[in-house]
Amino acid sequence: MDAVLFTEHRATHLWHAGHAARLAELVVTALIDEVTLSPKPGLVDVRGRGAHRDLDWALMCRSAHALRPAFQAMAEAGATLAEAVTLRERIGRLGRDGEAAMLAATGGVNTHRGAIWALGLLVTAATQAPADCAPQQVALRAAVLANTPDRHAPRRTGHKGERARLDYGVGGARGQAEAGFPHVVEVALPALWQARAAGVAEDAARLDALLALMSLLDDTCVLARGGPAALDAVQAGAARVLDAGGSATPAGRRALMRLDAEFLALNVSPGGSADLLAAALFLDRLNNAAPAPDGRP
Ligand SMILES: CC(C)(COP(=O)(O)OP(=O)(O)OC[C@H]1O[C@@H](n2cnc3c(N)ncnc32)[C@H](O)[C@@H]1O)[C@@H](O)C(=O)NCCC(=O)NCCS
Ligand SMILES: Nc1ncnc2c1ncn2[C@@H]1O[C@H](COP(=O)(O)OP(=O)(O)OP(=O)(O)O)[C@@H](O)[C@H]1O
């Protein structure tokens, strides 16, 4: 390789590495923004554990930081591996390594398995075409990845979400990704942007986006703990808060606090909606981020 070509090759490699690091930072920030958002019904936030005995804010922040290398490696893979099955199997391996890093950082507690899946697919899709990072386009590329087979992935995970998917015939995390994250692109982001456009403060806009997700999502965290009755309570309860004016209004805030108390009493936690809120916050930041200075493809 002659000197000029080598220099160009090295410059491209360095650009990809720097871009991947920036995107991994966006992912970690989205995960920390999600867990920090308060007051979320039934979920871990700065107030406490929500309906969880083994999760708290500090543990989830520690987990998010421990996942940065995995997200950066997935972003680098998206930028450098063009062949679909090779890329899918690489990020599957990186995701499973990320799950191991998560468990090592949390002492064996599952804090972000669903987020590793969703945000791993999305951050990979983001670097496949850095100049085309509109949420809809990134989600469509992520769906292609999710629908590409990974022969090393376990045929069965044996997890609660899988059990709930099979018991209740819902799509769960896998179905959401394979469909192109419709609840992120068509529900959470429009709710976030509409609230902002209406002058709602950022935290309330994010809470309303979470409530919009909760009102429609087939959340296997909820199904696994309380079955269809619990999912009905989550969906109807979230819709009630939005119908009362949303989390920025006094009536909506009162309804939100009642919903939080109801979830704690029912031991219900809408973790799937929380994961998809983090995905929406990532795509929102990506969409607003300045394009690459040199526009390098
Ligand atoms: C598909 C995944 C999430 C496993 O999901 P599974 O249905 O087996 O249930 P599990 O309880 O492990 O995780 C579900 C997670 O998704 C979230 N979730 C629940 N419902 C939904 C929903 N409707 N939409 C989006 N996310 C949801 C929850 O937060 C929950 O934590 C993924 O972890 C996986 O494929 N694991 C196998 C190992 C692997 O290959 N990992 C690397 C993936 S990159
Ligand atoms: N702020 C949050 N609070 C709680 N869970 C969250 C939050 N953000 C994302 N999640 C996701 O939801 C999951 C928690 O839901 P779930 O009820 O399945 O907990 P679990 O620890 O996996 O199982 P269980 O507590 O029922 O034994 C987390 O593993 C995580 O993937």
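The values are calculated or read from the model by the stated rules, or taken from the named source; none is laboratory data. Remember, predicted model here, so these are calculated numbers, not experimental data. Note: ideal-geometry Cβ built from the backbone for every residue, glycine included; neighbour counts use all protein chains shown. Side chains included, ligands, DNA and RNA excluded: accessible areas come from the protein's heavy atoms. Shrake-Rupley method; radii C 1.70, N 1.55, O 1.52, S 1.80 Å.
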message: Condition check: open to solvent by 50 Å² or more (accessible area, probe 1.4 Å), away from ligand 1 (no atom under 16 Å from the Cβ) and modelled with pLDDT under 95. Does P291 satisfy that?
response: yes
message: What's the total number of residues in the range 96-124 that are of a type outside the set (A, V, I, L, M), open to solvent by 10 Å² or more (accessible area, probe 1.4 Å) and touching a helix residue (DSSP H, G or I) at 6+ places or on another chain (Cβ under 8 Å)?
response: 8
task: Under 8 Å between Cβ atoms, at least 6 apart or on separate chains: pull out the pairs that start in the range 151-170 with a residue that is farther than 12 Å from G227 by Cα and end on any residue that is assigned to a helix (DSSP H, G or I) and open to solvent by 100 Å² or more (accessible area, probe 1.4 Å).
output: H152/R93
message: Which count do you get for residues in the range 205-232 that are more than 13 Å from ligand 2 (Cβ to nearest atom) and either under 11 Å from H183 (Cα atoms) or surrounded by 24 or more Cβ atoms within 10 Å (Cβ to Cβ) (or both)?
response: 7
- prompt: Going through the range 229-259 one residue at a time, which ones are outside any helix (DSSP H, G or I) and of a type in the set (S, T, N, Q)?
  reply: S247, T249
query: Is it the case that some residue within the range 161-175 is among the β-branched types (V, I, T) and over 20 Å from the mean Cα position of the chain (by Cα)?
result: no
message: Which count do you get for residues in the range 161-197 that are surrounded by fewer than 16 Cβ atoms within 10 Å (Cβ to Cβ), among the hydrophobic types (A, V, I, L, M, F, W, C) and not in a helix (DSSP H, G or I)?
response: 1
statement: Just one listed residue, out of A195, A201, A131, is touching a Pro at 6+ places or on another chain (Cβ under 7 Å) and away from ligand 2 (no atom under 16 Å from the Cβ), and it is A131
message: Looking at the range 45-61, can you tell me whether even one residue there is loosely packed, with under 14 Cβ neighbours inside 10 Å and in a helix (DSSP H, G or I)?
response: yes
